[in-house]
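Computed from the coordinates by the stated procedures, all read-outs in this text should not be read as laboratory data. A quick note: this is a predicted structure, and the numbers were derived from the prediction, not measured. For neighbour counting, all protein chains shown are included, and Cβ atoms are generated from backbone atoms with ideal geometry for every residue, glycine included.
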Amino acid sequence: MPHSHHSHSGQFCKHASGSLEEVVLEAIRQQFQLYGLTEHVPRYRLVDLYPEEAGETTDSLAKQFEKFLVEAHRLKTHYASQITILVGLETEYITGQDLDGLDSLLQKFGDRVEYVVGSVHHVDGIPIDFDQITYERALHNFGDGETNAQEVFLSTYFDAQYQLLQRFKPEIVGHFDLCRLYTPDLRFLEYPSVWEKITRNVEYAIGYGALFETNAAAFRKGWETAYPGKDILILNCGGRFALSDDSHGPRFVGLNYHRLLDYLHAQGVTDIWLLQPSKTPNAAGRSIRPVKFEGEWLGHEFWHGRSTQA
Ligand SMILES: [Zn+2]
Ligand SMILES: [Zn+2]
């Protein structure tokens with residue numbers, strides 16, 4: 001039964017491990033029904049490379065992404081009788097260059113990119129999920145008056161997310177509240193202007209048909225919940241959820257899915273959605289659409305022995 005709409009491998013991403021084929025084989029072993037391969041898009045400025053990418057160039061990142069697409073489609077065909085593989089990408093929004101770059105990339109590769117996970121990992125050009133020190137640098141970029149800096153930081157994040165949603169209509173909204181990775185107890189409702197932006201983004205994404213991923217990676221980052229946290233889940237009564245492990249290598253495939261199950265169950269999420277190829281183009285012009293998982297997903301045998309409550 002299980003699905004994941006978001007994953008990476010060490011073959012095409014320096015902060016992940018294992019080959020893409022090993023990731024797929026592990027998903028097959030765990031009897032995933034659907035597994036999305038969504039490598040990070042290339043970045044366009046040398047200054048945006050991560051320390052582990054020393055020696056890479058923007059050119060080599062672009063070539064690496066192209067190789068990812070070739071290998072992902074090879075695996076999709078090769079293992080088609082055992083698992084449904086979807087091939088997509090995960091976005092970046094560091095500066096406007098990333099959005100322009102993504103536009104060209106999507107045009108260049110056409111239907112070889114079957115869907116998009118819309119994620120923001122930077123605020124005002126600074127990574128917010130790399131480490132605590134870098135996150136604080138991003139935060140203090142907005143001044144030292146704590147409350148105000150936090151509010152502007154969050155607003156900037158959700159404005160960037162809104163632009164991304166508007167321009168690319170990603171089928172999956174990636175880790176919606178990554179902006180509070182290092183402050184998981186932060187309550188958005190305490191920042192009314194931020195809450196307004198969240199509501200705007202959620203309504204916009206629902207309006208064009210997006211799915212919100214419930215992303216299990218938050219657990220391995222020390223959260224008590226998946227992304228998004230409880231406040232967003234409540235807001236999303238009209239929203240539709242999909243499952244993601246956001247794995248960065250075979251050993252992360254399906255990791256903490258039992259906690260994801262418990263979390264969704266406790267929050268009263270009854271329906272799970274997944275992406276499926278479609279003949280009619282969607283709002284972004286891509287041939288994929290969300291479908292509701294039919295049947296008793298909570299009672300599905302995949303979860304047996306995984307749920308801490310079962
Ligand atoms: Zn990553
Ligand atoms: Zn991400």
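Give the separation of the Cα centroids, region 144-179 to region 194-241, in Å.
Taking the Cα centre of region 194-241 as reference, the centre of region 144-179 is 12 Å away.
On average over all directions, what projected area in square nanometres does the chain have, based on the convex hull of its Cα atoms?
Details: hull surface 59.3 nm².
The orientation-averaged projected area of the Cα hull of the chain comes to 14.8 nm².
Note down the net charge around R180, summing +1 for each Lys or Arg and -1 for each Asp or Glu among other residues with Cβ under 13 Å from its Cβ.
Numbers: positive: R187, K221, K230; negative: D129, E151, D177, D185, E190, E224, D231.
Summing Lys/Arg as +1 and Asp/Glu as -1 gives -4.
I want the antiparallel fraction of DSSP beta bridges within the chain, as a percent rounded to 5.
Working: 8 of 30 bridges.
Antiparallel bridges make up about 25 percent of those DSSP assigns within the chain.
When the Kirkwood radius is taken over all Cα pairs of region 256-310, what Stokes-Einstein diffusion coefficient follows at 20 °C and 1.002 mPa s, in µm²/s? Could the numbers behind the result be given before it?
On the way: Rh = 12.9 Å.
The Stokes-Einstein estimate is 166 µm²/s.
Looking at region 12-144 from every direction and averaging, what is the projected area of its Cα convex hull in nm²?
On the way: hull surface 35.9 nm².
Reported value for the Cα convex hull: 9.0 nm².
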